[in-house]
Amino acid sequence: MNRLSIYSPFKNAIKSDYPTSPYLHLAVDNHSTTKDGVILLSPRLMAPIEIDETIEQIKNELDEFGIKAKKEIKQLKEKMRKT
């Protein structure tokens, strides 16, 4: 994933650290900001093809995030049961 990442506060936790079921967050990994602090997830989009390609890339990243996040949450739950 280029723009997005998984943030897991339970990545290095042990069973006694779990106050609830483990959870994840969808995080912004790579981005730029404007001088006003606005987070930018794309370069300048000046043509319809650039817009379409960027949207497709973000959709693909979201799909990839879904696959990785499901695997990660499964591993965290298994870890919680074992420790």
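Every number here is computed from the coordinates shown, using simple stated rules; none is lab data. Please read all numbers here as calculations on a predicted model, not as lab measurements. A quick note on method: Cβ atoms are made from the backbone with ideal geometry, for glycine too, and the neighbour counts reach across all protein chains shown.
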Note on the chain: contact order normalised by length, alpha-carbon pairs under 8 Å, 6 or more apart, percent, works out to 42 percent
FRET efficiency (MET46, ASN2; Cβ distance; R0 30 Å; to 0.05) is 0.90
The chain, Gaussian network, Cα under 10 Å: of ALA47, ALA27, ALA69, the residue fluctuating most is ALA47
With only helices counted (DSSP H, runs n ≥ 4, each -39500 (n - 2.57)), the per-residue ellipticity at 222 nm for the chain, to the nearest 500, works out to -15500 deg cm²/dmol
In debye to the nearest 20, the charge dipole size for the chain, taken about the Cα centre with +1 at each Lys and Arg Cβ and -1 at each Asp and Glu Cβ, equals 740 debye
Of the residues LEU40, TYR23, GLN57, the Cα lying farthest along the dipole of region 4-82 towards its positive end, which is defined by charges on the beta carbon of Lys, Arg, Asp and Glu, belongs to TYR23
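Take the chain, mark every one of the trypsin sites (Lys or Arg not before Pro) that falls in a DSSP loop and has at most 12 other Cβ within 10 Å, then report the longest stretch left between them, sites excluded.
Details: sites that count: LYS35, ARG44.
Looking at the chain, 45-83 is the longest stretch - no exposed trypsin sites (Lys or Arg not before Pro) with at most 12 other Cβ atoms within 10 Å.
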